[in-house]
Amino acid sequence: MAERRWHQLYFEDWVAREGLELVGGHRVGNIYTMPLRGWERTGGKAVQIQLEGTGELNAAYVQEIAASNQLKPQRHLYEELIYILSGRGATSVWVDPEHKGTFEWQTGSLFAIPLNSWHQHFNTSGDEGARYLAVTTAPVMMNLLRNDDAIFNSNLSFPERYQGEHGYFSGEIEEDDYLGWGQPYHVNFSNLFSDIHALPLHELNRGVDTRGNQFELANGVLSAHLLEMPGGTFTKLHRHGPGAHVIWLKGEGYTVLFPDGGEMTKEEWGPGTMLVPPAFWWHQHCCVTKEPGLHLALKLSSRRNIVTKASTATLKSTREGGNQMDFEDMPRQQLDMLKRMFAEECERRGTPARMEAIRGG
Ligand SMILES: [Fe+2]
């Protein structure tokens, strides 16, 4: 093994040894079109993404499986959440090879690989490649253990998560109106969502007529949510801990981000853009198209399995000790400035800005 440079994290070193590119920074322009390289370990083509807002705790990668192709079986001592960007196929998961669970997926499917379970992906289309986005806990696991064998060749089992149960990937969904940290949230529990966009969205206190859905899978610490905001609106300011990968699927706009008392930055987005807000930076999403903005977030911490309390109370008002600021609590000057900037952006595109709905100014 080549000698590792000082200050290089084990995860970064591993990506280099795998022969893959590691994309950094604050955002990825388009995960649907970013270039990929052959990945010997899996037999697919991939790119690894470690954005700054992850705090090096989780990371993402995009992988493509060629038409009529299958990847090599894998297992690893880190969690993995997979969202299908395009194509269709099937995945087998097992602890004991005599008892494999196999399920089909398509564009819009979301599923998790239970910790350290064997799994193998198949592209069942004869003429179309399949592309997926995964978020994993590989960085934190690798940076702590610093041993490839421990990560990729461990016999540890986690029966509290998965032990090859029949029907584990049946796609059955359990719903719960969960009240955690003083805020209601509609949570869907399953190990496989065959189409997250087919489920009804629920009212969510993030802004004007915002709706959402929370997804928790495989008794893991990684979870997901969908958030839809009407065109011509912006969300309330909020903040949380590291590792929330925000993937824009519909609409166009920008996100305003700033650390407490610090300078404001603006990141533009459209379908395919992925952003990770830096830990504890205030941020607010602004949708400037007539069409609603829709994002999927793949993130560290589920409602059920909390990794860090830094990512809790994100829908609770700062007035009650939470991490979301109501419009009327924003500094007047700042709200006025944001509204001016937003009105101009909407006007340029002929989008009616719903200013009357954004109270407080
Ligand atoms: Fe956020």
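A compact table of results
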read-out: Prolate/oblate/rounded call for segment 236-361, Cα gyration tensor, a/c under 1.5 rounded; value: oblate
read-out: Expected-Rg normalisation [2.2 N^0.38 Å, Cα atoms] applied to the chain; value: 0.99
read-out: Prolate/oblate/rounded call for segment 1-71, Cα gyration tensor, a/c under 1.5 rounded; value: oblate
read-out: Directionally averaged projected area (convex hull, Cα atoms, segment 13-122), nm²; value: 7.2 nm²
read-out: Karplus-derived 3J(HN,Hα), 6.51/-1.76/1.60, for each residue of segment 88-94, Hz, glycine and proline x; value: 8, x, 8, 9, 9, 10, 7
read-out: Relative contact order for segment 10-121, counting Cα pairs under 8 Å that sit 6 or more residues apart, in percent; value: 21 percent
read-out: Cα gyration tensor shape for segment 41-99, rounded if a/c is under 1.5, else prolate or oblate; value: oblate
read-out: Cα pair distances in segment 143-273, grouped into 5 Å bins until the bin that holds the longest one, percent each; value: 2, 7, 13, 18, 17, 15, 12, 9, 6, 2, 0
read-out: HN-Hα J in Hz across segment 247-263 - Karplus 6.51, -1.76, 1.60, θ = phi - 60°, x for Gly and Pro; value: 10, 7, 10, 9, x, 9, x, 8, 10, 9, 9, 7, x, 3, x, x, 6
read-out: Whole-Hz ³J(HN,Hα) from phi, Karplus 6.51 cos²θ - 1.76 cosθ + 1.60, for segment 74-79, glycine and proline x; value: 9, 8, 7, 8, 8, 6
read-out: Relative contact order of segment 290-333, pairs being alpha-carbon contacts under 8 Å that are 6 or more residues apart, as %; value: 18 percent
read-out: Amide hydrogen neighbours beyond the local backbone of Trp281, cut-off 5 Å, H modeled; value: His240
read-out: Of Lys72/Lys100; Lys316/Lys339; Lys45/Lys266; Lys250/Lys309, those spanning more than 20 Å from alpha-carbon to alpha-carbon; value: Lys316/Lys339; Lys45/Lys266; Lys250/Lys309
read-out: Long-range amide H partners of Lys250 with built H, under 5 Å; value: Leu294
read-out: GNM top mover of Gly350, Gly241, Gly251 - the chain, alpha-carbon springs below 10 Å; value: Gly350
read-out: Of all accessible heavy-atom area on the chain, the percent that carbon and sulfur account for (1.4 Å); value: 47 percent
read-out: Dipole in debye (nearest 20) - segment 35-97, about Cα centre, beta carbon charges: Lys, Arg +1; Asp, Glu -1; value: 320 debye
read-out: Principal axis dimensions, largest first and in whole angstrom, of segment 306-361 by Cα; value: 42, 23, 17
read-out: Helix-only [θ]222 nm of the chain, DSSP H runs n ≥ 4, -39500 (n - 2.57) each, per residue, nearest 500; value: -3000 deg cm²/dmol
read-out: For segment 67-86 and segment 280-343, distance of Cα centres in Å; value: 31 Å
read-out: Geometric extent, Cα atoms of segment 283-323 - Rg, Dmax (angstrom); value: 13.5, 37
read-out: Relative contact order of the chain, pairs being alpha-carbon contacts under 8 Å that are 6 or more residues apart, as %; value: 15 percent
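The values are calculated or read from the model by the stated rules, or taken from the named source; none is laboratory data. Nothing here was measured: the structure is a model prediction, and the numbers come from that model. FYI the Cβ positions are ideal-geometry reconstructions off the backbone, even for glycines, and counts take in every protein chain you see. Side chains included, ligands, DNA and RNA excluded: accessible areas come from the protein's heavy atoms. Shrake-Rupley method; radii C 1.70, N 1.55, O 1.52, S 1.80 Å.
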